[in-house]
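Structure record follows, encoded as structure tokens.
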Amino acid sequence: MQNNLIAGAWVEGSDSVDNINPSDLDDVIDSYARADAAQVNEAVAAAKAAFPAWSTGPIQARATMLAAVATEIMARKEELGELLSREEGKTRPEGIGEVMRAAQIFDFFAGEVVRQSGEKIASVRPGIDVDITREPLGVIGLITPWNFPIAIPAWKIAPALAFANCVVIKPAEIAPASAHALAGIIQRAGVPEGVFNLVMGKGSVVGEALVNHPDVAAISFTGSVETGKRIAANCAQRLAKVQLEMGGKNPLVVLDDADLGTAVDCALNGAFFSTGQRCTASSRLVVQKGIHNAFVDALVERMQALKVDNALTEGTQMGPVVDQSQLDQDLKYLDVGRDEGAKLAWGGERLNRATQGFYLQPALFTETDNAMRINREEIFGPIASVIAVDDYEQALEVANDTAFGLSSGICTGSLKHASHFKRHSQAGMVMVNLPTAGVDYHVPFGGRKGSSYGSREQGRYAAEFYTTVKTGYTLPV
Ligand code: NDP
């Protein structure tokens, strides 16, 4: 049994839930405690009590602790990567890569602790100085999804602590192991009691209690649009700061002048790696008519060669879907696409492997238009569709015709079209001749429209959310 971390102690929950390996349903990783609302209150109270000392303590100690977290994560990347792949289903190399990213994020924010700066500007009133500084917010509630079970907790926890806030985190119930392991590492790094708390369990219980707690100054959330909107509404009621990272329906435009190999690589990676379970996945492939047939043929050939198997099996390129409900959602959208008149060019079959798991062939729809539900709603699985367009102008229009705006991409040899697309794509992140997924750990992450709400995550931009600005005046007398 793995417990919650509250006020520096590992405590049992009101009950517990098994964490099951989606590659092998007979493999129970462990049983994880489920907190109740009373335990959320205890965690918030502990964080509130720890805040005065933590937020005024020596910055070198904070930087050293975050660096120690990075060091331990990196030293254990193989073991933690395997744990991650076991609970989430992404391949072992993807799991190890995600763990390394978590370490790099802690390393980056260890540096940010001592790189914090302010501004000193002249007042329009002679003889008066104005300084602008950043201060922590207090207790921050973090709510994270299952698809990046260590990287997303890391990119919220590291800046929250770096900027001297205290944290209560609730990871997704179906993949708590990586966040739990991270909590152990943070505790071992010497973070004082109450500064960092982990409460596992259901969103409807633990998440709700955290969002509605009057002593939680801010909530950072990643997950679905529906839950995000609900959280934003609840935070607005009590004027708490909120940051939401939600879904995507990311377009990858392929123009006639694209390098075919590059375009196919981008589509294969963007649409199907990590089983398509990335908010930055390329789910709409917007392809110009001159290259359309060659692109579809080459992509299908690559999809057929993709090895779908147990996440931990050597050579696996795509692991299983995360759980039964996500698999049901994927299968539902395969039916929706067929019913809407899209042609299933290839894939979408359930697969049996040596171990019982949620295996699904990657699927590609062709002959689709942008009004179809499969092109408007986030599927969050290994399913992509091709939308044929006449020219660049139509491609841009289709790419932007979506309720989302997280990332977008274009494959082209034309500097003119690449530059125009970067400027006019209504997305937070734009890629040229690169997959729509895959953003460095030190640059801003986030989108527009229905994809994001509030300020950006990661890199130096994280300070916008995790601090509040103070304007100070001095009259030297
Ligand atoms: P959710 O938005 O429901 O879950 C995200 C997190 O929010 C989880 O920790 C969840 O807890 C928690 N949560 C759920 N309800 C509440 C609530 N009322 N108050 C506070 N917290 C809550 O997404 P799902 O995991 O259910 O996935 C559903 C769909 O969301 C996917 O199919 C996909 O389309 C999208 N999604 C997008 C992600 C992204 O990166 N943008 C990531 C994951 C999902 P718990 O699940 O433990 O109950």
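Between Val296, Val321, Val308, Val300, the distinction of being within 16 Å of the ligand (Cβ to nearest atom) and either under 30 Å from Gln356 (Cβ atoms) or surrounded by fewer than 24 Cβ atoms within 10 Å (Cβ to Cβ) (or both) belongs to Val321 only.
On the stretch given as the stretch 337-366, residues that are within 20 Å of Asn269 (Cβ to Cβ) and not hydrophobic (A, V, I, L, M, F, W, C) total 6. Residue count for the stretch 324-370 under the criterion of being more than 21 Å from Ser282 (Cα to Cα) and surrounded by 17 or more Cβ atoms within 10 Å (Cβ to Cβ): the result is 3. One residue is enough: does the stretch 92-111 have a residue meeting the conditions assigned to a loop (DSSP other than H, G, I, E, B) and more than 16 Å from the ligand (Cβ to nearest atom)? No - not one qualifying residue is present in the stretch 92-111.
Looking across the stretch 105-138, just one residue is surrounded by 24 or more Cβ atoms within 10 Å (Cβ to Cβ) and free of Cβ contacts under 8 Å to residues at least 60 places away in the same chain, and that is Phe106. Out of curiosity, is Gly194 more than 12 Å from the ligand (Cβ to nearest atom) and of a type outside the set (Phe, Trp, Tyr)? It is true that Gly194 is more than 12 Å from the ligand (Cβ to nearest atom) and of a type outside the set (Phe, Trp, Tyr). The residue list Ala263, Ala281, Ala181, Ala218 contains one member that is of a type outside the set (Val, Ile, Thr), more than 13 Å from the ligand (Cβ to nearest atom) and not assigned by TED's automatic domain parsing to the domain that holds Val44, which is Ala263.
State whether one or more residues within the stretch 162-171 are under 30 Å from Pro22 (Cα atoms), within 16 Å of the ligand (Cβ to nearest atom), assigned by TED's automatic domain parsing to the domain that holds Gln458 and without any contact (Cβ under 8 Å) to a residue 40 or more places away in the chain. Within the stretch 162-171, one or more residues are under 30 Å from Pro22 (Cα atoms), within 16 Å of the ligand (Cβ to nearest atom), assigned by TED's automatic domain parsing to the domain that holds Gln458 and without any contact (Cβ under 8 Å) to a residue 40 or more places away in the chain. Go through the stretch 275-290 and count every residue that is part of a helix (DSSP H, G or I) and out of contact with any strand residue (DSSP E or B) (no Cβ under 8 Å at 6 or more places or on another chain). The qualifying residues number 1.
Looking only at the stretch 21-39, residues that are buried (at least 16 other Cβ atoms within 10 Å of the Cβ) and closer than 30 Å to Val191 by Cα come to 8 in all. Inside the stretch 216-238, residues that are more than 22 Å from Ala158 (Cβ to Cβ) and of a type outside the set (A, V, I, L, M, F, W, C) make up a count of 8.
Could we say that Val254 is touching a strand residue (DSSP E or B) at 6+ places or on another chain (Cβ under 6 Å) and over 30 Å from Asn212 (Cβ atoms) here? The answer is yes for Val254. Just to be sure, is Gly141 crowded, with 18+ Cβ neighbours inside 10 Å, within 16 Å of the ligand (Cβ to nearest atom) and modelled with pLDDT of 95 or more? Judged against the criteria, Gly141 is a match.
Kindly indicate whether Phe380 is farther than 18 Å from Ser282 by Cβ and within 23 Å of the chain's Cα centre (by Cα). Considered against the rule, which asks whether it is farther than 18 Å from Ser282 by Cβ and within 23 Å of the chain's Cα centre (by Cα), Phe380 comes out as no. Condition first: within 30 Å of Leu312 (Cβ to Cβ) and without any contact (Cβ under 8 Å) to a residue 60 or more places away in the chain. Can you find one or more residues in the stretch 39-50 that meet it? Checked against the condition, which is being within 30 Å of Leu312 (Cβ to Cβ) and without any contact (Cβ under 8 Å) to a residue 60 or more places away in the chain, the stretch 39-50 yields no hits at all.
Residue under question is Arg373, and the condition is that it be within 30 Å of Gly319 (Cβ to Cβ), within 16 Å of the ligand (Cβ to nearest atom), out of contact with any Lys or Arg (no Cβ under 8 Å at 6 or more places or on another chain) and free of Cβ contacts under 8 Å to residues at least 60 places away in the same chain; does it hold?
Here the answer is yes, as Arg373 does meet what is asked.
Determine, yes or no, whether Leu210 is over 20 Å from Phe380 (Cβ atoms) and more than 8 Å from the ligand (Cβ to nearest atom). Considered against the rule, which asks whether it is over 20 Å from Phe380 (Cβ atoms) and more than 8 Å from the ligand (Cβ to nearest atom), Leu210 comes out as no. Listed by position, the strands (runs of 3 or more DSSP E) inside the stretch 162-269 whose residues that are closer than 19 Å to Lys449 by Cα number at least 3 are 218-222, 241-245, 250-254.
Quick grid of which residues meet (1) crowded, with 16+ Cβ neighbours inside 10 Å; (2) at pLDDT below 95; (3) of a type outside the set (Phe, Trp, Tyr):
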residue: Asp390; (1), (2), (3): no, no, yes
residue: Ala403; (1), (2), (3): no, no, yes
residue: Gln426; (1), (2), (3): yes, no, yes
residue: Ala437; (1), (2), (3): yes, no, yes
residue: Phe445; (1), (2), (3): yes, no, no
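Of all residues assigned to the stretch 205-224, at least one qualifies as being at pLDDT 95 or above, out of contact with any helix residue (DSSP H, G or I) (no Cβ under 7 Å at 6 or more places or on another chain) and more than 29 Å from Trp10 (Cα to Cα).
The values are calculated or read from the model by the stated rules, or taken from the named source; none is laboratory data. Because the structure is predicted, anything quoted here is derived from the model rather than measured. Backbone-built Cβ (ideal geometry, glycine too); neighbour counts: all protein chains shown.
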